[in-house]
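Novice: Provided herewith is a single structure, encoded as structure tokens, for subsequent inquiry.
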Amino acid sequence: MKTPLLAAGLMLALTGMAPAQDKPILNIYTYDSFVSDWGPGPAVEKAFEEICACDLQFTAAGDGAALLARLQLEGARSKADVVLGLDTNLTARAAKTGLFAPHNRAMDENNLPVKWDDPLFLPYDWGYFAFVYDTTKLARVPYNFEMLASAPDDFKIIIQDPRSSTPGLGLLMWIKAAYGDRAPEIWAGLAPHILTVTKGWSEAYGMFLAGEANMVLSYTTSPAYHLIAEQDDTKAAAIFEEGHYLQIEVAGKLAASDQPALADRFLEFMLSEAFQSIIPTTNWMYPVGILKDGLPEGFEPPVPPAKALLFSPEDALAVRNEALDEWLTALSK
Amino acid sequence: MVNRAQQITRSALAGYGAAGFLAALSLGTLGVVALKAGGLSGLNGGDLAAIRFTVAQALASAILSVALAIPVARALARRQFRGRGLLVTLLGAPFILPVIVAVLGLLAVYGRASVISEALQSLGFTRLDIYGFSGVVLAHVFFNLPLATRLFLQGWQAIPSEHFRLAAGLGMNSRDISRHLERPMLGRVLPGTFATIFLLCVTSFAVALTLGGGPRATTIELAIYQAFRFDFDLSKAALLALVQFGLTAIAAVLAWRLTRPARLGTGFDQPVKRWDCNGVGAVTLDALTLTLTALFLLLPLAAVALKGLAGLPDLPFSILPAALRSIAVALTSALLTLSLALPLAQTIARTSPHRPRLAGLLEGAGYLSIAASPMVIGTGLFIALFPLVDPARLALPITALVNAALSLPFALRALIPALREVEREYGPLADSLGMRGLARFRLMTWPRIRPAAGFAAGLAAALSMGDLGVIALFADPDAATLPLMLYRLMGSYQMEAANGAALLLVGLSLALFWGFDRGGRVRAAS
């Protein structure tokens, strides 16, 4: 049989050869959409390599939660120097692994709606979770969860599963932060309006754009994408009186990194104008830094900072199992 | 005789080797995960509900897929018409669609915003609402009806045409033919087909969740996913994977016990001509069956194609290298599938008459891979390989290899009956002529199993083309495959381009499938 040999040959060819390297390599683990051609990855890599005399290499792993799981699998042997893409719902778990090193850096003036003092992680962008709708199809837009719950029966929303998706978990936290012990009651009211629950953001948003539901769980910045990239002003985020839960995306340096100085330099760079100005129209989130030329059109945060909801990382970890149980109970009836 | 014995031993060794490899890939990776976790942990109420839902939806989906596939396969087997070959190929497409593409295609036809819904509403009815148990089953039938149809069709085509001629000569009507020829064939093919589809639906996750309407539709695979990324509880993941294996073992044993061996006799491989079913009733029934099936399966595909055409201009240049990588993975996977499946199937086919238990065990090894949780296989391989080599460098070979293993059950389902038939009917003649080794394979076996082998290779190629499970864990950001690109496009708001990528993916998968399948059937049809 020649086939196994041939197969082995093909496999070798597919594996490829590692390129020769002289420059130091900075390994950054991040989520998948960060490194895509439309994400910030390519521009960030180019900008940093211009100043660092190094080779920046991304490794992509699903989303934030998959990223953390991957890091936990690899442990201290991981080749990662920097992990970029966790959020504050994950940082307490990440800190517990003991894999991260302090950044020893104070935050400059920034436009985060909350004060930042995490010793291990530095934020690079942020956004508000929100329900997005089509302005040409929706006349009466709900402005709080109770109004959404009392909408007519055929008013449908699509959300993501908190067990498999970051926005899905964000909604769980949003309702818990806004309503506390009343959360189960709110979920019970929402249940008839939840058309379905998807594995991730892409499926939900795709189904919304296909017209399957009135609203979809996304971000307040989603309409800005349609406005800027597609010149389409028909999408809007419903602003809720309760306030909106924040997602703050962060990066951290690994204690076992073999390039600690380079990792520090990257974190410094991450907070600079060069990195921050890439963020709005590639990651479609608010930058943490204050940009010289201001924010692009459609990017003004629609919620005053006083209405920003956020659990501390420790509280987020403490409430999430209870919140998940409440969610499962309400939606399994 | 010494040579013959050695020949058998050598090929059997390859068969046992393939079985051992599959066991290592599915059970071994599970062992690695359990080892890393330091044991197994208990199940809670939610896990039990997930197990119940998984079994219920998989049973319903498998029953419906098989029940609908029988009349469709019969109609295809006894009718010749223009475009039949194309229809057979196109009907295979849903099975190889990436989940999200299929879901969006289904929703374009049966969703709340679909043409049907709009029409219903304008007529005063409510819009279609498929979300829930029915949506899950609908999607699973959409995916698996084509597979079931193909496996039954192969069963029909394995009935020698002389038998139909003899039946006609004896003046048998359709009912007699059904009793003497078709039902014994179904008895042989049905249990395995049912078990295969049941198992495929057991490991389903994204479809079940998206169309299931919420956490009521939690399957075991979703619970495993949760254990990995929400709780990082490897022991729970390993235990759930073990439960999944348990279910599979039960299904496989049942299928094996229920399979009735049938003797059909030998023929001269002539094309089938039927005299019993030219009545108006039978023709109408077949025409109706085929039309409805084609509409059910092809409308969502047409929706995918239409949306995709509009998105083609938006595709970035990087789609080209991604497509080439996917094709390379697909071809490698097809090759690997055949080199695993042929020795294993040959060993099983030769073992069976004397030692049915051993044959059952070997066939069970072939089933293992679809019973395995893709998440557990990927993670287990990751844990095992990570200390040795950069996982990103192995992304493409591992994708090809794992998908070859995942395609194996279908390959075996197609190859084993064909090989048994060949061995039983032509083996004694070949023995008496002293034909053995490569000559025996080339002259006796290969021409008769070519259609099955082509189908198996095509399926493996198409399945690995659309794979996202393993590649997602091992992904190299600079070497994305087509499905990974598709998801990245969707994740970056590029829905139009994603539709274009989906069309490209479906087109390439179908072309590969068609190429292999056609290559297998060209000789057979002559």
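The values are calculated or read from the model by the stated rules, or taken from the named source; none is laboratory data. As the structure is a computational prediction, the values presented were derived from the model and not from experiment. A quick note on method: Cβ atoms are made from the backbone with ideal geometry, for glycine too, and the neighbour counts reach across all protein chains shown.
Novice: For segment B:205-226, give me each residue that is without any contact (Cβ under 8 Å) to a residue 40 or more places away in the chain, hydrophobic (A, V, I, L, M, F, W, C) and at the interface with another protein chain (Cβ under 7 Å from one of its Cβ atoms).
Specialist: B:LEU209 - this is the single residue of segment B:205-226 that is without any contact (Cβ under 8 Å) to a residue 40 or more places away in the chain, hydrophobic (A, V, I, L, M, F, W, C) and at the interface with another protein chain (Cβ under 7 Å from one of its Cβ atoms).
Novice: Here is a further query. So for segment B:395-407 (the condition being more than 18 Å from the chain's Cα centre (by Cα) and not in a helix (DSSP H, G or I)), does at least one residue qualify?
Specialist: Among the residues of segment B:395-407, not one is more than 18 Å from the chain's Cα centre (by Cα) and not in a helix (DSSP H, G or I), which makes the answer no.
Novice: Take the conditions assigned to a loop (DSSP other than H, G, I, E, B), farther than 24 Å from A:GLY206 by Cβ and within 30 Å of the chain's Cα centre (by Cα) and apply them to B:ILE177. Does it pass?
Specialist: So B:ILE177 fails the test.
Novice: Can you tell me which residue among A:LEU209, A:LEU262, A:LEU246 is within 25 Å of B:LEU211 (Cβ to Cβ) and touching a helix residue (DSSP H, G or I) at 6+ places or on another chain (Cβ under 9 Å)?
Specialist: None of the other options fit; the residue is A:LEU209.
Novice: Another question, if that's okay. Out of all the residues in segment A:238-270, which are under 17 Å from A:PRO113 (Cβ atoms) and either of a type outside the set (Val, Ile, Thr) or in a helix (DSSP H, G or I) (or both)?
Specialist: A:PHE240, A:GLU241, A:GLU242, A:GLY243, A:HIS244, A:TYR245, A:LEU246, A:GLN247, A:GLU249
Residues checked against (1) in the same structural domain as B:LEU297 (by TED's automatic domain parsing); (2) among the polar types (S, T, N, Q); (3) surrounded by fewer than 17 Cβ atoms within 10 Å (Cβ to Cβ):
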position: B:ALA49; (1), (2), (3): yes, no, yes
position: B:ARG52; (1), (2), (3): yes, no, yes
position: B:ALA56; (1), (2), (3): yes, no, yes
position: B:SER61; (1), (2), (3): yes, yes, no
position: B:SER65; (1), (2), (3): yes, yes, no
position: B:PRO71; (1), (2), (3): yes, no, no
position: B:ARG74; (1), (2), (3): yes, no, no
position: B:PHE81; (1), (2), (3): yes, no, yes
position: B:GLY85; (1), (2), (3): yes, no, yes
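Novice: From the list B:LEU438, B:LEU463, pick out the single residue that is on the phi < 0 side of the Ramachandran plot and out of contact with any helix residue (DSSP H, G or I) (no Cβ under 8 Å at 6 or more places or on another chain).
Specialist: Sole residue among the options that is on the phi < 0 side of the Ramachandran plot and out of contact with any helix residue (DSSP H, G or I) (no Cβ under 8 Å at 6 or more places or on another chain): B:LEU438.
Novice: Do you know which residues across segment A:72-117 are in a helix (DSSP H, G or I), closer than 26 Å to B:ALA392 by Cα, within 17 Å of the chain's Cα centre (by Cα) and small (Gly, Ala, Ser)?
Specialist: Residue satisfying the conditions is A:ALA94 alone.
Novice: In addition: Filter segment B:330-359 for residues that are over 13 Å from B:ARG413 (Cα atoms), among the aliphatic types (A, V, I, L, M), crowded, with 20+ Cβ neighbours inside 10 Å and over 20 Å from the mean Cα position of the chain (by Cα) and give the result.
Specialist: The one that is over 13 Å from B:ARG413 (Cα atoms), among the aliphatic types (A, V, I, L, M), crowded, with 20+ Cβ neighbours inside 10 Å and over 20 Å from the mean Cα position of the chain (by Cα): B:ALA359.
Novice: Report, by residue number, each residue of segment B:186-239 that is of a type in the set (D, E, K, R), within 24 Å of B:LEU254 (Cβ to Cβ) and surrounded by fewer than 24 Cβ atoms within 10 Å (Cβ to Cβ).
Specialist: B:ARG188 - this is the single residue of segment B:186-239 that is of a type in the set (D, E, K, R), within 24 Å of B:LEU254 (Cβ to Cβ) and surrounded by fewer than 24 Cβ atoms within 10 Å (Cβ to Cβ).
Novice: So, in segment B:410-430, how many residues would count as being in contact with a Ser or Thr (Cβ under 8 Å, 6 or more places away or on another chain) and either surrounded by 22 or more Cβ atoms within 10 Å (Cβ to Cβ) or within 14 Å of chain A (Cβ to nearest Cβ) (or both)?
Specialist: Adding up the residues that qualify gives 4.
Novice: What's the number of the condition B:ALA249 fails, among (1) modelled with pLDDT of 85 or more; (2) within 22 Å of the chain's Cα centre (by Cα)?
Specialist: Checking B:ALA249 against (1) modelled with pLDDT of 85 or more; (2) within 22 Å of the chain's Cα centre (by Cα), the one that fails is (1).
Novice: Also: Does A:PHE275 satisfy the criteria of being under 19 Å from A:ASP125 (Cβ atoms) and assigned to a helix (DSSP H, G or I)?
Specialist: Yes: the conditions hold for A:PHE275.
Novice: Name the residue that is surrounded by the fewest Cβ atoms within 10 Å (Cβ to Cβ), counting only residues in segment B:384-409 that are more than 11 Å from chain A (Cβ to nearest Cβ) and of a type in the set (S, T, N, Q).
Specialist: B:SER407
Novice: Quick one: how many residues across segment B:159-211 are over 26 Å from B:LEU258 (Cα atoms) and acidic (Asp, Glu)?
Specialist: Residues flagged as over 26 Å from B:LEU258 (Cα atoms) and acidic (Asp, Glu) within segment B:159-211 amount to 1.
Novice: Let me ask another. Mind listing just one residue for me: the one in segment A:295-333 that is surrounded by 13 or more Cβ atoms within 10 Å (Cβ to Cβ) and polar (S, T, N, Q) and, of those, nearest to the chain's Cα centre (by Cα)?
Specialist: Among them, the one singled out is A:SER312.
Novice: Across segment B:486-498, what is the number of residues that are within 8 Å of another protein chain (Cβ to nearest Cβ) and within 13 Å of A:SER36 (Cβ to Cβ)? Give the derivation first.
Specialist: Quick first cut of segment B:486-498, residues within 8 Å of another protein chain (Cβ to nearest Cβ) only: B:487-495, B:498.
Restricting the remaining residues to those that are within 13 Å of A:SER36 (Cβ to Cβ) gives B:487-494, B:498.
Final tally of qualifying residues: 9.
Novice: Give me a count of the residues in segment A:41-56 that are within 13 Å of chain B (Cβ to nearest Cβ) and more than 21 Å from the chain's Cα centre (by Cα).
Specialist: The qualifying residues number 2.
Novice: Being touching a helix residue (DSSP H, G or I) at 6+ places or on another chain (Cβ under 6 Å) and closer than 23 Å to A:PHE34 by Cα: is that true of A:LEU122 here? Quick ask: steps written out before the conclusion?
Specialist: On the way: touching a helix residue (DSSP H, G or I) at 6+ places or on another chain (Cβ under 6 Å): yes; closer than 23 Å to A:PHE34 by Cα: yes.
So A:LEU122 passes the test.
Here is a yes/no grid of residues against (1) farther than 25 Å from A:SER312 by Cα; (2) hydroxyl-bearing (Ser, Thr, Tyr):
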position: A:ILE248; (1), (2): no, no
position: A:ALA256; (1), (2): yes, no
position: A:PRO260; (1), (2): yes, no
position: A:ASP264; (1), (2): no, no
position: A:ALA274; (1), (2): yes, no
position: A:THR281; (1), (2): yes, yes
position: A:LYS292; (1), (2): yes, no
position: A:GLU297; (1), (2): yes, no
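Novice: Mind checking which residues of segment A:57-71 are outside any helix (DSSP H, G or I), more than 7 Å from chain B (Cβ to nearest Cβ) and of a type in the set (A, V, I, L, M)?
Specialist: Hit for segment A:57-71 is A:ALA61, nothing else.
Novice: Among the listed residues B:GLY20, B:GLY39, which satisfies the condition of being surrounded by fewer than 15 Cβ atoms within 10 Å (Cβ to Cβ), outside any helix (DSSP H, G or I), at pLDDT below 85 and of a type outside the set (Lys, Arg)?
Specialist: Numbers: B:GLY20 fails: outside any helix (DSSP H, G or I).
Every option except B:GLY39 fails the conditions.
Novice: Now a separate question. For B:SER161, indicate whether it is more than 24 Å from B:PHE410 (Cβ to Cβ), away from chain A (no Cβ under 14 Å), surrounded by fewer than 24 Cβ atoms within 10 Å (Cβ to Cβ) and hydroxyl-bearing (Ser, Thr, Tyr).
Specialist: Judged against the criteria, B:SER161 is a match.
Novice: Right, B:VAL329: outside any loop (DSSP other than H, G, I, E, B) and within 14 Å of another protein chain (Cβ to nearest Cβ) or not?
Specialist: yes
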